Amino acid sequence: MDMILWEGISHVLLDIEGTTCPVSYVTETLFPYASANLAPYLETHQQEANIRALIQELATLWQQDTDEEARDLLGLSRQSAELSGVGGILPYLTFLIRRDRKVTPLKDLQGKIWADGYARGELVGPLFDDVPTSLSRWQQEGLVLAVYSSGSIAAQQLIYQHSNHGDLRSLFSHWFDTHTGSKHDPSSYTLIAETMGCAPQAILFVSDSDSELQAASQSGLQVVCSQRESDKLKGLKTYPSINTFHQIQLKLQH
């Protein structure tokens with residue numbers, strides 16, 4: 001196992017899917033769970049102000065969506081129900097989930113549904129075995145740990161709160177989601193560095209997405225590619241890559 005040394009690091013910024021937990025957990029467990037529970041959850045909570053606001057925000061996005069399938073669904077839904085109602089918005093929610101669209105109100109809604117599932121013990125965050133020990137070691141060494149994922153902050157915290165290694169939320173000092181900006185936009189990483197109060201080059205960003213690594217690198221962050229499960233980035237020599245966090249050696253910035 002080759003070790004890779006990064007110098008001058010004070011903060012570690014981590015993706016989740018494909019980095020600290022399997023991508024399959026999101027695609028094969030979380031997304032289907034949210035889809036199956038969308039209608040009953042909305043029916044139960046539709047009178048709550050924050051849920052009504054999310055539905056209205058989604059209805060506005062739907063009317064602005066230029067995708068052909070979304071437009072067709074919009075026409076059909078207008079004939080049968082109010083867009084601002086539970087029945088009216090469900091076709092668009094199903095469409096967004098199927099397309100894996102990174103829409104903030106959808107992510108917020110999914111996070112609420114998953115919270116119910118975790119609370120009932122129906123969901124458990126399957127972290128890779130090297131993650132808890134590495135996170136604890138980095139924190140003990142004085143590094144500041146943060147999460148940046150397209151899933152809502154609430155959903156991120158649920159994975160670490162209800163993980164197969166116990167509640168690990170206390171290891172992290174910062175949480176970022178798409179409210180900060182797109183993970184493919186360099187300005188998002190500049191904002192993250194400003195929020196954490198450090199220079200971009202003092203941050204090591206770990207992700208399995210080449211486009212995210214490129215955006216972070218353009219903002220001055222040091223980056224490493226997580227290649228745990230697939231060979232989708234195999235052959236790309238742009239960034240150093242790891243298969244386990246145990247390969248990461250960090251020399252702290254003083």
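Would you tally the residues in region 217-254 being within 21 Å of L135 (Cβ to Cβ) and at pLDDT 90 or above?
Of the residues in region 217-254, the ones within 21 Å of L135 (Cβ to Cβ) are 221-229, 240-253.
Still in the list and also at pLDDT 90 or above: 221-227, 240-250.
Residues that pass the stated criteria total 18.
Assess whether Q214 counts as being touching a strand residue (DSSP E or B) at 6+ places or on another chain (Cβ under 7 Å), at pLDDT 95 or above and surrounded by fewer than 21 Cβ atoms within 10 Å (Cβ to Cβ).
On the way: touching a strand residue (DSSP E or B) at 6+ places or on another chain (Cβ under 7 Å): no; at pLDDT 95 or above: yes; surrounded by fewer than 21 Cβ atoms within 10 Å (Cβ to Cβ): yes.
For Q214, the condition - touching a strand residue (DSSP E or B) at 6+ places or on another chain (Cβ under 7 Å), at pLDDT 95 or above and surrounded by fewer than 21 Cβ atoms within 10 Å (Cβ to Cβ) - is not met.
If you go through region 102-125, how many residues are surrounded by 16 or more Cβ atoms within 10 Å (Cβ to Cβ) and under 14 Å from T20 (Cα atoms)?
Summing the residues that are surrounded by 16 or more Cβ atoms within 10 Å (Cβ to Cβ) and under 14 Å from T20 (Cα atoms) in region 102-125 gives 1.
Among helices (runs of 4 or more DSSP H) lying entirely in region 31-132, which contain 2 or more residues that are modelled with pLDDT under 90 and among the basic types (K, R)?
none
Residues of region 144-190 being among the small types (G, A, S), closer than 20 Å to P22 by Cβ and not in a strand (DSSP E or B), which ones? Step through it out loud before you land on a result.
First pass over region 144-190, keeping only residues among the small types (G, A, S): 146, 149-152, 154-155, 163, 166, 170, 173, 181-182, 187-188.
Next, from what is left, pick out any that are closer than 20 Å to P22 by Cβ: 149-152, 155, 163, 166.
Within region 144-190, S149, S150, G151, S152, A155 meet the criteria.
Is it the case, given these coordinates, that A154 is touching a helix residue (DSSP H, G or I) at 6+ places or on another chain (Cβ under 8 Å) and surrounded by fewer than 19 Cβ atoms within 10 Å (Cβ to Cβ)?
Working: touching a helix residue (DSSP H, G or I) at 6+ places or on another chain (Cβ under 8 Å): yes; surrounded by fewer than 19 Cβ atoms within 10 Å (Cβ to Cβ): yes.
Answer is yes for this residue.
The values are calculated or read from the model by the stated rules, or taken from the named source; none is laboratory data. Here the structure is a predicted model, which means the values were calculated and not measured. Glycine gets a Cβ as well: all are built from the backbone with ideal geometry, and neighbour counts include every protein chain shown.
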